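Engineer: Before I ask anything, here is the structure I am working with.
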Amino acid sequence: MKSDRRRMLSGGLAGAAALALPWPTQAARSAPFRRLAVADPPFVEEYEVVIAVAPPLARGIVGKVLTRAVTGADQHLKSEKLTAALDPAKTQLHEHFVMALADELAEAEVKVLLVPVDAADSEEALLQQTRRKAPQADGLLLAHVMGRFVALHGLAAYAPGLMIGVKVLHAQAAAGRATPPLLDAVFTAGFRGLDPRAQHLEVVDMPERFDDVQALLSHIDSARQALVNGTEAIAAEVARRLTAS
């Protein structure tokens with residue numbers, strides 16, 4: 001079913017993009033654009049295991065450096081195991097975000113176009129690619145979706161967390177016109193990170209906890225669903241912001 005929905009979003013526009021959902025007969029909400037082009041990132045998703053505060057392995061500066069190095073290596077190994085277990089081809093958080101956003105924006109008679117883009121050196125280059133490949137779009141969106149499981153310290157349970165950075169522009173802005181972004185924000189759900197830029201969604205229910213990494217890997221379907229739930233909740237909030245009167 002999800003693959004069918006993806007084809008609705010990304011099949012058709014001369015091999016580049018396509019329209020999302022049929023327009024309803026009446027719009028309950030309104031948006032500042034009618035066709036929103038969303039960049040489809042050219043990389044495979046990765047998922048993180050994070051220990052927020054690692055206990056020091058020794059005193060002093062040397063101890064801090066050693067702790068940082070050992071903790072970093074441990075988190076990297078655990079993140080690789082988590083990514084393999086979740087399987088990016090099954091989890092696809094960016095796709096869930098786009099699908100949920102399309103569902104919400106359909107109420108405002110907005111069509112979402114999923115636009116494959118190549119790797120680029122800058123955000124501006126990604127926006128230019130998106131605009132060029134979907135010239136009929138009057139809105140552009142970039143989203144960076146990060147799913148992770150965070151423990152406060154080495155012996156704490158792991159909690160699911162989502163961080164999604166979103167930038168939405170009028171297509172004219174990508175064409176060089178001085179137009180401020182319609183939305184430029186970082187949203188979090190589940191575990192509340194320390195990023196001062198983030199706007200945390202307090203109401204999102206993500207109660208899942210895993211005693212350790214082995215428990216996390218042993219209940220990978222529950223872990224995946226927790227990340228999907230948070231992703232879709234943030235998508236709904238982004239749509240609400242974009243269609244607020």
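Engineer: Along the charge dipole of region 163-245, which of Ser222, Ala173, Ala189 sits closest to the positive end, that is, farthest toward it, with unit charges on the beta carbon of Lys, Arg, Asp and Glu (+1, +1, -1, -1)?
Structural biologist: My answer, from the dipole projection, is Ala173.
Engineer: Further question: Given H placed on each backbone N at 1.01 Å, which residues far from Ala156 in sequence or on other chains put an amide H within less than 5 Å of it?
Structural biologist: HN-HN under 5 Å from Ala156: empty list.
Engineer: Can you tell me what share of the DSSP beta bridges in region 123-198 is antiparallel? A percent to the nearest 5 is fine.
Structural biologist: Bridges in region 123-198 are about 95 percent antiparallel.
Engineer: For a protection proxy built on the mean count of beta-carbon atoms within 10 angstrom, sort 188-198, 92-102 highest first, please.
Structural biologist: 92-102, 188-198
Engineer: At a Förster distance of 51 Å, what's the computed FRET efficiency of Asp121 paired with Lys81, Cβ-Cβ distance as r, to 0.05?
Structural biologist: FRET efficiency, Asp121 to Lys81: 0.95.
Engineer: Oh, and also: Going down the list Lys133/Lys167; Lys81/Lys133; Lys111/Lys167, which pairs span over 26 Å between their C-alpha atoms?
Structural biologist: Those over the limit are Lys81/Lys133.
Engineer: Once R0 is set to 45 Å, what does the formula 1/(1 + (r/R0)^6) return for the Cβ-Cβ distance between Asp74 and Arg240, expressed as a FRET efficiency to the nearest 0.05?
Structural biologist: Efficiency computed from Cβ-Cβ geometry: 0.70.
Laboratory data are not the source of any read-out in this text; all were calculated from the coordinates shown. The shown structure was predicted, so the numbers you read here are calculated from the model rather than taken from an experiment. Every residue, glycine among them, receives a Cβ derived from its backbone with ideal geometry; neighbour counts consider all protein chains shown.
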